[in-house]
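Asker: Pasting in a structure now, in structure tokens, and then I'll have a few things to ask.
The values are calculated or read from the model by the stated rules, or taken from the named source; none is laboratory data. Please read these numbers as outputs of a predicted model, since none were measured by experiment. Every residue, glycine as well, gets a Cβ built from its backbone with ideal geometry; the counts of neighbours run over all protein chains shown.
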Amino acid sequence: MKPSASIKPISYLKTHTADVVRDVNENRETIIITQNGAAKAIVQDIATYEQTQETLALLKLLAQDRSMFFYSVKTWSGREFLPQKSRPTAKE
């Protein structure tokens, strides 16, 4: 479904709540709710929400691991090493 078709005003949500919940659960789509023409909230099925939260948690772990690898790993001699971009050049 096109994103423009999944944008609904809050008045639509108020009058068609059961339909919106049913459609969201059946189609696993996210509906954007607007108030005074501006996006204010989303309605999303629980499976999609949980999947999004798990993905964010994994991305945070990957970011932490990458950061720890590049900035905290020490070589066998005890010297820290930096990624190629952060290494001082011979001119410095």
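Asker: Let me spell it out: the conditions are (1) under 24 Å from Pro9 (Cα atoms); (2) modelled with pLDDT under 90, and Asn36 meets all of them except one. Which number is the exception?
Answerer: (2)
Asker: Considering each residue of the range 1-33, count those that are small (Gly, Ala, Ser) and modelled with pLDDT of 90 or more, and give that number. Break it down into steps so the answer makes sense when it comes.
Answerer: Step one: filter the range 1-33 for residues small (Gly, Ala, Ser), giving 4-6, 11, 18.
With modelled with pLDDT of 90 or more added as a condition, the list becomes 11, 18.
The total comes to 2.
Asker: Do we have Ala47 as at pLDDT 85 or above and out of contact with any strand residue (DSSP E or B) (no Cβ under 6 Å at 6 or more places or on another chain) here? Spell out how you get there, then give the answer.
Answerer: Numbers: at pLDDT 85 or above: yes; out of contact with any strand residue (DSSP E or B) (no Cβ under 6 Å at 6 or more places or on another chain): yes.
Criteria met by Ala47.
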